[in-house]
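Okay, structure first, notes after.
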Amino acid sequence: MRCAIQTGVLSLAALSISAPLFAQNDLDQRINREADSLLATYKHLHENPELSAQERETSALLAADLRKSGYEVTDHFGQYAEPDLDAYGVVAVLRNGPGPAVYVRTDMDALPIIENTGLPYASRVKVARAGGDEVGVMHACGHDLHMTVFLGTARLLAQLQDRWSGTVVLIGQPAEETVRGAQAMLRAGLFTKFPRPDYVLALHDTSAVPAGKVSWHAGPLLAGADSVDITVRGYGGHGAAPQAGKDPIVIASEIVVALQTIVSREMDPQLPTVVTVGSFHAGTKHNIIPDEAHLQLTVRTMNPQQREKVLAAISRITNGLAAAAGVPAERAPIVEVAQDHVPATINNPELTRRVAASLERALGKENVLPGEPIMASEDFSLFALEDPRPPTSMFWLGAADPAKLKDAMEKGTRLPGPHSSEFAPLPDPAIRTGVKAMTSAVMDLLKK
Ligand SMILES: [Zn+2]
Ligand SMILES: [Zn+2]
């Protein structure tokens, strides 16, 4: 009896000084109740990955779970440029009174990688590729983790409707890895057929932050990406008679070396830029000078002006070196910039700071770290550029096993990260942390 009275007094005292703490404890309890089911979902998704634009079962799982949570769900949403390709986008809406509309996006696709983690729930999925060869499929970018957090967030937001007012729109986006899925959903009218977005949020896992923590960065977070194809054209002939031809291998080699000066000599050192020649193919035999050499480049930039400057420099250097070698204008190199450009992902500073404050309140300051931009790319950037151009923000979700990360940092060794066949996120506590972080961020934006 005495105990009971004391507990009552303590609770009241705690309530009067720290109501948000109680709200957080309530979140933790709700997450605890969902944790087993979410972990099972994570393992199922991890074992059953699907490649970009093939997310049939994955999207069906998401749609069913969201319907069960009480959302109004539209599936098979999206429209690729190729009319015969099915888009597996999922859009789930929960209307809960007046207020802004907050979008939360997860990606759903996996990568063509043979998993090498040795985990009991490792993927053994293999699929045939166009050429007939088999390739492994693996959630090596952690989109399975993103989806699990997304479903947990959906459940909590549905349970806690008395604590927020507004509209939540949850989107399962296909084909992120091929940077076509966001475009497909926007082309199909995402922002006009569903509530007009006021904010768009996302998270991405990272092996640079321990599971249990998150990190954030306002401003540019991820680079813009371009693929460039260069065909260097010369005149082929006998390898023993170089004077009779124009050797495209030598010209292309000079181009590869000269392209390095774009980053080192032309660009502002304060602004990160990448020009990588990832493929160089030419010739068939020792003693034949080929007619052509082919280069494939990836270019990473942080803003449109920088992008224009780099692309112009690539053309100028390529054409200049071919001309210097005496290649006539009619055999000038062909420089093609592929259509699959994605712009840089820029975190809206004001929204990002608001979200960061929510993260700190939810997780504690010690679990919210300053984040770093990286030169990888994402088509999440496209949501910020579509009318009504909503503010967007993505934060990093720690996924690394804290002990392994500490060990790797102390020894200066490598910890496998996204896109590695050995990337193995620590699902618990990463899932709990992600759900708590995203739920809190959304509820704060939709505060009554
Ligand atoms: Zn990826
Ligand atoms: Zn990813």
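Numerical summary
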{"quantity": "Residue selected from region 333-388 under the condition part of a helix (DSSP H, G or I), of a type in the set (A, V, I, L, M) and in contact with a Ser or Thr (Cβ under 6 Å, 6 or more places away or on another chain), by the criterion surrounded by the fewest Cβ atoms within 10 Å (Cβ to Cβ)", "calculated": "Ala384"}
{"quantity": "Search result, residues across region 47-62 that are in contact with a Leu (Cβ under 8 Å, 6 or more places away or on another chain) and assigned to a helix (DSSP H, G or I)", "calculated": "Thr58, Leu61, Leu62"}
{"quantity": "Residue in region 239-258 that is surrounded by the fewest Cβ atoms within 10 Å (Cβ to Cβ), counting only those that are out of contact with any strand residue (DSSP E or B) (no Cβ under 7 Å at 6 or more places or on another chain) and of a type outside the set (A, V, I, L, M)", "calculated": "Gln243"}
{"quantity": "Qualifying residue in region 132-145 (condition: assigned to a strand (DSSP E or B) and closer than 13 Å to Leu45 by Cβ)", "calculated": "yes"}
{"quantity": "Meets criteria (assigned by TED's automatic domain parsing to the domain that holds Ala81 and modelled with pLDDT of 95 or more) for Ala329", "calculated": "no"}
{"quantity": "Residue that is free of Cβ contacts under 8 Å to residues at least 24 places away in the same chain, under 23 Å from Leu259 (Cβ atoms) and aliphatic (A, V, I, L, M), where the choices are Ala329, Ala322", "calculated": "Ala329"}
{"quantity": "Residue in region 176-184 that is under 30 Å from Asp26 (Cβ atoms), in a loop (DSSP other than H, G, I, E, B) and out of contact with any strand residue (DSSP E or B) (no Cβ under 7 Å at 6 or more places or on another chain) present", "calculated": "no"}
{"quantity": "Matching residues in region 209-230 - criterion: being within 20 Å of Thr148 (Cβ to Cβ) and assigned to a strand (DSSP E or B)", "calculated": "Val209, Pro210, Val214, Ser215"}
{"quantity": "Count - residues of region 124-162 that are of a type in the set (Lys, Arg) and surrounded by 16 or more Cβ atoms within 10 Å (Cβ to Cβ)", "calculated": "1"}
{"quantity": "Filter result for Thr74 (more than 20 Å from the chain's Cα centre (by Cα) and outside any helix (DSSP H, G or I))", "calculated": "yes"}
{"quantity": "Unmet criterion (only one of (1) farther than 22 Å from Val149 by Cβ; (2) not in a loop (DSSP other than H, G, I, E, B)) for Val90", "calculated": "(1)"}
{"quantity": "Verdict on Arg95 being within 16 Å of ligand 2 (Cβ to nearest atom) and of a type in the set (Lys, Arg)", "calculated": "no"}
{"quantity": "Region 318-332, subset surrounded by fewer than 21 Cβ atoms within 10 Å (Cβ to Cβ) and assigned to a helix (DSSP H, G or I), residue nearest to the chain's Cα centre (by Cα)", "calculated": "Asn319"}
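The values are calculated or read from the model by the stated rules, or taken from the named source; none is laboratory data. This one's a predicted model, so the numbers in the text were calculated from it and none came from an experiment. Because the Cβ atoms are built from the backbone with ideal geometry, glycine has one as well, and the counts that use them run over all protein chains shown.
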